[in-house]
Every structure is written in structure tokens, then in C-alpha cells.
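**Student:** Mind having a look at this structure? Questions to follow.
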Amino acid sequence: MHAERPLYRSDWVTLSLVDVELPSGARFDHHVVRMPRDAAATVMLDAEERVLLLRRHRFITDTWGWEVPAGGIDDGETAAEAAIREAVEESGWRPGPLRELGRYFPSNGLCDQAFHVFLAEGAEHVGEPTTPDEVERVEWLPLAQVPELAARGEIGDGFSLTALLWARASR
């Protein structure tokens, strides 16, 4: 990379034009999305092998679907702390001890944001979600039902699909 020029900047995202040179010597401009925060998600499982999922609407794609609790990592916060905070805010459930399943870049050819995925065996109900506009419904659904929900398009976001796949693979 030779240079980077921001085209648009906000508190949520920066779109830049980057002057890139490949190992072959080819050189070109490439658009890059810079995110100021990484994100963290928690897959919460109970003793009955049920997973806590949130039913929500995403206006960007105008779709409804089931998702795991997830959100941005705030300044000064670890990925694990963010995963717990987001779970409590969005679901009203505090995850049990977390085990990190992995970290990945969902679109590394375009965006620098990393996603951190955690698994919690058990959770404690601590109240109602504090972000009610974000979630229509909170339910414990059988983990074994996840492939069927995904096949029907009821789990369609990459963060949840990857997190649930890792959780199932780790069992």
C-alpha cells in the first residue's frame, strides 16, 4: 500500500481510496471500508442444548431473522466484555463463563472490521432487554434446529451463521 485517502468519514465508518501495489508490480486504486470498532457475539447454550436467539428486523436488507446477541466493542472494552454487555442489553440474559471460539474478518477484501465469537455454557436472566427497539423477541431454540432455520433463510446474517457453526462444531 502506497497511500490512503479518506473519501467519507463518520463516527461509524470511513470509506477510503487506497493506492495498492500487488507482488506482480500491478498498481491500482481500491476502495476500503475502515471500521472504528470491531464486534463481538455470544452463543449462549443452556443445559437442554438450546441456544438463545433474537428475532430482529434489519432495515438495510428489509429482512427479519434470528440472530445471536452481538455488537460493537467500545473503547477501553475487551471483546469478552463487549460480548457480555451486548448479550445483556439485547436479551436480558447474562452469559455464563465465556470461551472464545475464534476471530475472523467477514469481508477482508473490502473491510478491516474483525468479529470475535464466544460460547457461553449457561446464562442467567437478569431482566428485560435494555435496547427494546433492536429486538422483537428473545427465545431459547434447540441448537439442533439451527440448520433448518438457516436453510429456510431465518438465520441469514454471517455473524450469527459463523458463530452458530463454530458452536455446533465445538460440541
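**Student:** Contact order normalised by length for the chain, with contacts defined as Cα pairs under 8 Å and 6 or more residues apart; what percent is it?
**Tutor:** Working: 364 pairs, mean separation 40.8, N = 171.
Across the chain, relative contact order equals 24 percent.
**Student:** Based only on other Cβ atoms within 10 Å, what is the fewest-to-most ordering of His116, His57? Please list the in-between numbers first.
**Tutor:** Working: His116 22, His57 13.
Ascending number of Cβ neighbours within 10 Å: His57, His116.
**Student:** To the nearest 10 degrees, how steeply does helix 158-169 sit against the main Cα axis of the chain, on a 0 to 90 scale?
**Tutor:** So the inclination is approximately 60 degrees.
**Student:** In square nanometres, what is one fourth of the surface area of the convex hull spanned by the alpha carbons of the range 39-169?
**Tutor:** Numbers: hull surface 31.9 nm².
Taking the Cα atoms of the range 39-169, their convex hull projects to 8.0 nm² on average.
**Student:** May I ask you to order 118-126, 11-19 by the average number of other C-beta atoms within 10 Å around their residues, highest value first?
**Tutor:** Details: 118-126: 16.9, 11-19: 13.1.
My ranking of the peptides, most packed first, is 118-126, 11-19.
**Student:** Apply 1/(1 + (r/R0)^6) to the Cβ-Cβ distance of Leu7 and Asp62, taking R0 = 22 Å, and write down the FRET efficiency to the nearest 0.05. If you can, show how the numbers build up before the last one.
**Tutor:** On the way: r = 26 Å, r/R0 = 1.20.
Efficiency, rounded to the nearest 0.05: 0.25.
**Student:** Still on this model: Which residue fluctuates most in the GNM of the chain (Cα springs below 10 Å): Arg152, Arg85, Arg34?
**Tutor:** Result for the chain, Cα springs under 10 Å: Arg152 fluctuates most.
No lab work stands behind these numbers, since they all come straight from the coordinates. Everything numeric here is computed off the predicted structure, so don't read it as measured data. Cβ atoms come from the backbone with ideal geometry, glycine included; neighbour counts cover every protein chain shown.
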